[in-house]
Ligand code: GLA
């Protein structure tokens, strides 16, 4: 009797177990996003979970092209800016969702010194080098590697950057591994190895609007929290001055969540004027850590969508979409204008190679560079 009851319970558990694995397994689908002029195919990999989250990554720039997330009523919206077709990514590049590097953010005058030798990078942002130069990691075709489904679905991309590409020393092997879990987390592992000393700083450049891309109100009412006591002020070309400035009493204080737009018109703060809004690096810690920690939390009070960002990096660049100027039409046919999105880029401090007090961006043969970024989605009650 006892035995029979036990085996019935066991059978029920097995049935429930298999039910939950069939219903809850994250999945992937592969498709062709477009074809380059030289005939190479740009693949798109879409990862989905059972809770309404779907993320599509295209092999050009290993870029997030779409990310749908449910609101508090279960209604999904695509919360990242992007284009509908490959042609727009090629002719109107904006770093939408892209992997940026080899050195994300700015290097003053595109110049740095390593082991007594001066390297000159391509300058593509006034006098400075931005996001890896003219043809950075966002503009190259990555190779699609392993694709998997299961408790989390994933896809890995790789790119071999030749010695001297865009002026950077060393042959750099870069990997971007995306995963989507049933617990509503998307993780990106950026890894790199090199055959001779170099500098590296790789991040993701997704533009978020938690109300849905192209929605009428932009992101100025969305709430942002940055757990940082200090940030790195910049000069007029957005290169850090070297100072660590306290956020207390300034427009840069996001330690308690506040609407992104609340202090963005603080004309008295020259930093806001230089950036045409926020385009600065907040200090999470001095130096990278092993385990990702919370670096930002954003919430749309209307839809209830919440996104937490975790990373092992010491800094986070928060950019309030200041250069979106109304000339770009996004994937749903809507124009993107200033303040229509925010970008949160976990990374080293800008211009680290020229600022020993900012830490080190050096990567040596035998070491593995790693930026692990996690986006965790949930909803807040009304
Ligand atoms: C980063 C920079 C910004 C801008 C965008 C791309 O966020 O800090 O100044 O260049 O990339 O437009």
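Observations on the model:
- Two-decimal Rg/Rh across the stretch 229-367, once Rg and the Kirkwood Rh are taken from alpha-carbon atoms: 0.98
- The stretch 172-313: relative contact order as a whole-number percent, Cα under 8 Å and 6+ apart: 22
- For the chain, convex hull volume per residue from C-alpha positions, Å³: 160
- Rg/Rh, computed from the Cα trace of the stretch 90-225 with Rh as the Kirkwood radius, has the value 1.03.
- The stretch 133-251: relative contact order in percent, alpha carbon pairs under 8 Å with at least 6 residues between: 13
- Once Rg and the Kirkwood radius are both taken over the C-alpha atoms of the stretch 166-305, their ratio Rg/Rh works out to 1.00.
- Whole-Å distance, taken between Cα centres, linking the stretch 279-337 and the stretch 95-148: 19
- Prolate/oblate/rounded call for the stretch 215-297, Cα gyration tensor, a/c under 1.5 rounded: oblate
- Residues residue 266 and residue 235, FRET efficiency given R0 of 22 Å [Cβ-Cβ distance, rounded to 0.05]: 0.75
- Helix content alone sets the calculated 222 nm mean residue ellipticity of the chain: runs of n ≥ 4 DSSP H residues at -39500 (n - 2.57) each, divided across all residues, give -3000 deg cm²/dmol.
- Distance between the stretch 252-273 and the stretch 193-241 - C-alpha centres, whole angstrom: 15
- Label-to-label distance, nm, for residues given as residue 90 and residue 378 (7 Å Cα→Cβ offset): 4.4
- Hull-based mean projected area of the stretch 299-378, where the convex hull spans the alpha carbons, in square nanometres: 8.1
- Take the Cβ atoms of residue 122 and residue 286, set R0 to 30 Å, and the FRET efficiency comes out at 0.50.
- Stretching residue 250 away from residue 149 to a fully extended chain increases their span by 31.8 nm, per 0.36 nm per residue minus the current alpha-carbon distance.
- Value of relative contact order over the chain, rounded to a whole percent, pairs C-alpha under 8 Å and six or more apart: 17
- Global form of the stretch 233-276, assessed from the alpha-carbon gyration tensor, a/c cut-off 1.5: oblate
- Residue 75-residue 31 pseudo-label distance in nm [points 7 Å out on the Cα-to-Cβ vector]: 2.3
- Residues 190, 119, 159, sorted so that the one with the fewest Cβ neighbours within 10 Å comes first: 119, 159, 190
Read the figures in this text as sums done on the coordinates, not as results from a lab. Everything quoted here is computed from the prediction, not taken from an experiment. When we count neighbours, we look across all protein chains shown, and the Cβ atoms used for this are built from the backbone with ideal geometry, even at glycine.
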